[in-house]
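The values are calculated or read from the model by the stated rules, or taken from the named source; none is laboratory data. Model, not experiment: these values are computed from the prediction. Backbone-built Cβ (ideal geometry, glycine too); neighbour counts: all protein chains shown. Each accessible area value is taken on the protein alone, full model and side chains, heavy atoms only, with ligands, DNA and RNA left out. Shrake-Rupley method; radii C 1.70, N 1.55, O 1.52, S 1.80 Å.
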Amino acid sequence: MIITTGDHAVQEAVRRASALSKESGIQYVPRNRTSLPKLSAQHGDTDILVILEGGARLYRPNGEAMLFHPSMAFVRAKRLIKGESDPMLEAARVQPGDSIIDCTAGLGSDAAVFALGAGPEGRVLALEDSLSLWSLMREGFAYYVSGVKEFDEALRRITVKRAEHLELLRGLPDKSADVVYFDPMFRDPIQESSAISPLRSYANNNQLDPEAIAEACRVARKTVVLKEKKGSGEFQRLGFTTQSRSHTKIVYGVISLDQ
């Protein structure tokens, strides 16, 4: 993977690209008006993170480019700001000030909603072990501007860490977070979900390890939550109680630790 900028790079984009390169160890390559396919071919047909004003874009040769955008998270956020409820926050029993670990953040849609629910006094840690997705999410959370102040402030509050969730959970103290959350990318895909489709080629689609759930139960004070497709056998396999909702294909399973 390499980092570059848009065709007409401004100084700020170059600064951000250089800073991310130093933090991540990913090589920064000046664009110099070179096309992305040619730039990728010059560096071994690699993925390219393109630093843009207001976020970033991932380019993969012979694949679908992916621009950071909060997508449905923004719709959910606006509902929350208007005082409406969110099923994920209700399932996790999130309260202002909570500490939340999103173990499989992807592009951070759920982490963004958690940050709103936990409020300015809360803490959200978004974990992603894919280098490509981590770098896109990091830039998006830091620089994306939606025009809704509360949402943009929530994005800036999220701590993004590149890590494998089981390894990180093993190193955390007992009862050191309120909520631990998993969204393992639905191994049985919801085909009509266009937002998830381009994400799949970058993400880790392995089954959750039961040890990860055991570690999450040790780390969490309140709930461990699993997002899956309705009818999934993962809830039973991993010990979750489901909270079914009508007219939806998504279900949240919950392990309550404080009741």
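What to note about this one:
- Compared with the dominant Cα axis of the chain, that is its longest principal axis, helix 72-81 is turned about 60°.
- Label-point separation, residue 156 to residue 8 (7 Å along Cα→Cβ), nm: 2.8
- The accessible surface of the range 38-165, taken with every protein chain in place and a 1.4 Å probe, is 48 percent carbon and sulfur.
- In the assembled protein chains, residue 78 presents an accessible area of approximately 90 Å² (probe radius 1.4 Å).
- Between the Cα long axis of helix 11-24 and the first principal axis of the chain there is an angle of about 60°, rounded to the nearest 10.
- The chain: angle of helix 210-219 to the longest principal axis, Cα-based, in degrees nearest 10: 80
- Cα gyration tensor shape for the chain, rounded if a/c is under 1.5, else prolate or oblate: prolate
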